[in-house]
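Note sheet for the following structure.
The values are calculated or read from the model by the stated rules, or taken from the named source; none is laboratory data. This structure is a prediction, so every number in the text was calculated from the model and none was measured. Counting neighbours? That spans all protein chains shown, and the Cβs are built from the backbone with ideal geometry, glycine included. Only protein heavy atoms, including side chains, enter the accessible area calculation; ligands, DNA and RNA are left aside. Shrake-Rupley method; radii C 1.70, N 1.55, O 1.52, S 1.80 Å.
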Amino acid sequence: MRARRLSVLAATAAAVALPVISAPAATAAPAAHAAVASVNCHKEGPWKVHASAVRIHSKPSSKSTVRGLLYRGHKWTHGKTTGNDSRGYWVHVKDKTTGVSGWASMRYVYPTVYTCLD
């Protein structure tokens, strides 16, 4: 009886694996998907705070006065960006919750980036 179970299991496994093994290689995506992918490739996603809180500085420099904190859950807007500090790029932000505006490091505040696969 045990030999019969093993032969049934082996036959079932072979029947399931056969279509996968003999399936043709994947072909290119349909044109509709290619159009969607090319549109999303150059799309900038929403800006997010990628830390629990980020310092808002008076100038785009880590040595400038800290005006307040921008927390992850707060509503906020972004403005122009600059790269004049040796430590990286900065973005001008305004915290809608507290009304504080200033500069935040783009190490912690940045948009979602979409990756192209074509």
Checklist entry - If the Cβ limit is 9 Å and pairs must be 6+ apart or interchain, which residue in segment 57-85 that is on the phi > 0 side of the Ramachandran plot and charged (D, E, K, R) pairs with which residue that is open to solvent by 40 Å² or more (accessible area, probe 1.4 Å) and part of a loop (DSSP other than H, G, I, E, B)? => result none
Checklist outcome for this item: Considering residues that are modelled with pLDDT of 90 or more, over 23 Å from K43 (Cβ atoms), part of a loop (DSSP other than H, G, I, E, B) and not polar (S, T, N, Q), the number found within segment 86-118 is 3
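Assess whether G83 counts as being at pLDDT below 90, of a type in the set (G, A, S) and either open to solvent by less than 60 Å² (accessible area, probe 1.4 Å) or part of a strand (DSSP E or B) (or both). Working first, answer last.
Working: at pLDDT below 90: yes; of a type in the set (G, A, S): yes; either open to solvent by less than 60 Å² (accessible area, probe 1.4 Å) or part of a strand (DSSP E or B) (or both): yes.
Yes, satisfied.
Which ones in segment 69-97 are over 17 Å from K48 (Cα atoms) and out of contact with any Phe, Trp or Tyr (no Cβ under 7 Å at 6 or more places or on another chain)? Spell out the reasoning first.
Start the filter on segment 69-97 by keeping residues that are over 17 Å from K48 (Cα atoms), which leaves 82-88.
N84, D85, S86, R87, G88, listed by residue number.
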Next on the checklist: Of the conditions (1) at pLDDT below 90; (2) over 24 Å from V113 (Cβ atoms), G73 satisfies every one except a single condition; which number is it?
Outcome noted: (2)
Next on the checklist: Of everything in segment 54-74, what is closer than 19 Å to P111 by Cβ and open to solvent by less than 70 Å² (accessible area, probe 1.4 Å)? Give them in sequence order.
Outcome noted: V54, I56, P60, L70, H74
Next on the checklist: Out of the residues in segment 98-113 meeting the condition of being under 18 Å from S52 (Cβ atoms) and either of a type in the set (A, V, I, L, M, F, W, C) or touching an Asp or Glu at 6+ places or on another chain (Cβ under 8 Å) (or both), tell me which one is most open to solvent (accessible area, probe 1.4 Å).
Outcome noted: M106
